[in-house]
Every structure is written in structure tokens, then in C-alpha cells.
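Q: Sharing a structure with you now.
Derivation of every value follows stated rules applied to the coordinates shown; laboratory data play no part. What you see is a predicted model; the values in this text were computed from it and never measured. Every residue, glycine as well, gets a Cβ built from its backbone with ideal geometry; the counts of neighbours run over all protein chains shown.
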Amino acid sequence: MTGDIAAFAPGRVNLIGEHTDYAGGLSLPMAIHLGTTVTGVRGGDRIRLTSAQQDEAVDLPLTIDDPTTVEPAWGRYVAGVVAELSPTTGFVGEVSSTVPLGAGLSSSASLELAVALALGFHGMPRSLAELGQRAEQVASGVPCGLMDQLASACGTAGHALLVDFTTDEVRPVPVPADLEVVVVHSGQERRLAGSAYAERRASVEAAAAEIGALHDADLADVDRLTDPVLRRRARHVISEDARVRAFTTALAADDRPRLGELLLASHASLRDDFDVSTEVLDALVARLCAIPGVWGARLTGAGFGGCVVALTEPGTLGEGWVVRPGPGAFVSSS
Ligand code: GLA
């Protein structure tokens, strides 16, 4: 056995730039102060993890053929990491998370990255994120993009991250300290999210096959698409990229009315062109936006239920989770 290991990886909230990561577009996620911690010792030839949040422990060999059959189900994300990392020694320890589970704050990405660091991953934050993404894809069967894991790996305290998924550039953008970011759960489980997500991703890829990469296309190119559904999907991605740029400028100027307008425009595009909102999410956004001190709100994450993110004056909402921009994943040993 070697010394004690403590690895931490944060969850994330996406401020704007939704369903753009797998299109090579722009996003502005923020690593949050809530995250997953894995503590324990390396050694032996099994991965044994208890969890402060789950009843059943995970007990895995170092070689895993099919992470999707692992029980208990939370162990599939651990198994995905083990399958991708191929660690040479085992680990015995505990997982503890402050990220609300299944709420759209990327609790699974934070688990994957914390486990990878605890099991001995060495490398750049981007490689850590890519390993986590592959683990997520094999564990969940959902062809997710890189945003969640990249935000968790690259987080910077006090900053959101402007990510360009074509050039791989990640630029920290300061978030005003007195601008509150609040995440409110709609109460609606994200049912069918996996298959609908895969279908949206396939539509975006089909549109790009016809008019070229969407990050290089403009709205005139969209008119060349023959299928009306693909036209709407592509229009969302292209207009969302423009909103991410405008939002980044408004954040630097601390122009809160403009930030609010852009959140609402993003929500409308996700609702009308990308078809990933629900009546429950729409009603929640409308209710929050009617409260004095709320600048704007939109669905955040994949959609089909889950959470809304709102920007507010401090102390405005007596509901949801107030999240602060925090540091990215790290590991320490003693
Ligand atoms: C999920 C995926 C991300 C991203 C968002 C939508 O969170 O894991 O890769 O595609 O949906 O923006």
C-alpha cells in the first residue's frame, strides 16, 4: 500500500452554449464549488469503494470487459474509468459527493475525474477530460460531448470557461463576485434523455455533412439544408455560438440586462429550434424571470427535464442551489 490519496473533481453548470460541444462550437461552462472527493489508499488488485451517498459499495477487478453490466449502477462510471485507464494497482477508499445527484450538475463527470486521479491518472487536464468522456460514454451509452468533463478538469476559481471545441482553447472569463448563479431543479426527471440526445447529435452531424462544419457556417448556409428539421437544429447551433460570444462580451462589461436577454434567447432556441425543452422547464424559466432581481434564466445541460440556471442579484431566490465558480480537479497524497 502507498500513502493516503485525496482526489477532488467539481461538478459544472453551463452558463450558455448548449448542444454546441459535439458540433465544434462554443460553450461557457463553469466548474462549481460542489464536487466529488475520493479518499483512500492504492494497492492490492481490486478497486473497492464505499460511498457516503449510496447504500451499496463497488468492488471491481482491474480488468473490465463490459462496464454497462456492473452493479450497483453507480459503479458503472467507476468501471468505465477503470476500463479506460487500465490501472496496474487497486484502490480501497470512499467516495463522497456534494453535487446533487442526477440534477444536471455533472455529478457523473465529477465522479469519473476524481476516480481517475485517485487511481493514478497522470497527464494534462484535457487528457483527463477525454478519459472521463470515454468512461461516461461506455458507462451510460450516451454519446456525450466533452463539455462536462473539460469544465471539471479545467475549472478556475472565480471564472467561467470559454471553450472553443474546434481549436481546443479554454479561456477563463471572470464572473462578477456579486452576480449570483442559481440552479433550480424543475422536478422533472430527464427521461429518454439518452436516446433523444443521440438523435440530436446525429441531426447536427447530418447537417454538417451537407453544409460543412457548423462553426464555419452562417444562417445563409442553413437555408441550403433541404430537411426543415435539420434546418432548425443547425440554426440553433449557429445562433448559440453567436450568443456565447455576445454573452462573454456582456460578462466582461457586467451588462446584466444583456446577459439576461441572451439567457432567454438561448432558452427560446433550445425550445423552438432544438426541441429539448419541456413545458415544465418553460414554466419554470417564465416564473423565475418574473421575480425582481432575476436577470434571466434558461434550461442548462442536455434538457428534456433537469435544471434551469438563473443569474440573479445576491439573495434573490429562496430556492435552488447557489453555485460559485470553483477550481478544477486535483489530487494530493500524504
Ligand atoms: C450534456 C452532455 C454535454 C453537452 C450538454 C448539452 O451535458 O454531456 O457534452 O452536450 O449535454 O450542451
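A quick yes/no check of all residues on (1) surrounded by fewer than 20 Cβ atoms within 10 Å (Cβ to Cβ); (2) away from the ligand (no atom under 16 Å from the Cβ); (3) not in a loop (DSSP other than H, G, I, E, B):
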| site | (1), (2), (3) |
| --- | --- |
| 9 | no, no, yes |
| 12 | no, no, yes |
| 19 | no, no, no |
| 27 | no, no, yes |
| 37 | yes, yes, yes |
| 41 | yes, yes, yes |
| 44 | yes, yes, no |
| 53 | yes, yes, no |
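Q: I'd like the full set of residues that are aromatic (Phe, Trp, Tyr) and closer than 24 Å to residue 216 by Cβ, limited to segment 1-31.
A: Result: 22, single match.
Q: Which is among the aliphatic types (A, V, I, L, M) and out of contact with any strand residue (DSSP E or B) (no Cβ under 7 Å at 6 or more places or on another chain), of 151, 139, 157? Explain how you work it out, then say what you get.
A: Details: 151 fails: out of contact with any strand residue (DSSP E or B) (no Cβ under 7 Å at 6 or more places or on another chain); 157 fails: out of contact with any strand residue (DSSP E or B) (no Cβ under 7 Å at 6 or more places or on another chain).
Exactly one of 151, 139, 157 is among the aliphatic types (A, V, I, L, M) and out of contact with any strand residue (DSSP E or B) (no Cβ under 7 Å at 6 or more places or on another chain), namely 139.
Q: Which one is nearest to the chain's Cα centre (by Cα), of the residues in segment 203-212 that are aliphatic (A, V, I, L, M) and surrounded by 12 or more Cβ atoms within 10 Å (Cβ to Cβ)? Don't jump to the end; show me each part of the working.
A: We begin by selecting, within segment 203-212, every residue aliphatic (A, V, I, L, M); these are 204, 206-209, 211.
Filter once more, so that each one left must be surrounded by 12 or more Cβ atoms within 10 Å (Cβ to Cβ): 204, 206-208, 211.
Details: 204: 19, 206: 24, 207: 24, 208: 23, 211: 28 Å.
Among residues in segment 203-212 that are aliphatic (A, V, I, L, M) and surrounded by 12 or more Cβ atoms within 10 Å (Cβ to Cβ), the one nearest to the chain's Cα centre (by Cα) is 204.
Q: Output the qualifying pairs, or none if there are none: Cβ atoms under 7 angstrom, residues six or more apart or on different chains, first residue in segment 268-287 and within 19 Å of residue 198 (Cα to Cα), second residue charged (D, E, K, R) and assigned to a loop (DSSP other than H, G, I, E, B).
A: 270/18
Q: For segment 227-262, name all the residues that are surrounded by fewer than 17 Cβ atoms within 10 Å (Cβ to Cβ) and of a type in the set (Val, Ile, Thr).
A: Of everything in segment 227-262, those that are surrounded by fewer than 17 Cβ atoms within 10 Å (Cβ to Cβ) and of a type in the set (Val, Ile, Thr) turn out to be 229, 249.
Q: Still on this model: When you check residue 329 against the structure, is it under 20 Å from residue 27 (Cβ atoms) and away from the ligand (no atom under 16 Å from the Cβ), yes or no?
A: Spelling it out, residue 329 is indeed under 20 Å from residue 27 (Cβ atoms) and away from the ligand (no atom under 16 Å from the Cβ).
Q: In the set 57, 23, 83, 6, which member is at negative phi, in contact (Cβ under 8 Å) with a residue 60 or more places away in the chain and over 19 Å from the mean Cα position of the chain (by Cα)?
A: That would be 6, the only listed residue that is at negative phi, in contact (Cβ under 8 Å) with a residue 60 or more places away in the chain and over 19 Å from the mean Cα position of the chain (by Cα).
Q: Separate question: When residue 145 is evaluated against the numbered criteria (1) away from the ligand (no atom under 16 Å from the Cβ); (2) buried (at least 17 other Cβ atoms within 10 Å of the Cβ), which criterion, by number, is the only one it fails?
A: (1)
Q: Do any strands (runs of 3 or more DSSP E) lying entirely in segment 226-333 carry at least 2 residues that are within 21 Å of the chain's Cα centre (by Cα) and closer than 17 Å to residue 14 by Cβ, and which ones are they?
A: Because the criterion is at least 2 residues that are within 21 Å of the chain's Cα centre (by Cα) and closer than 17 Å to residue 14 by Cβ, the strands (runs of 3 or more DSSP E) in segment 226-333 that meet it are 294-299, 307-312, 321-323.
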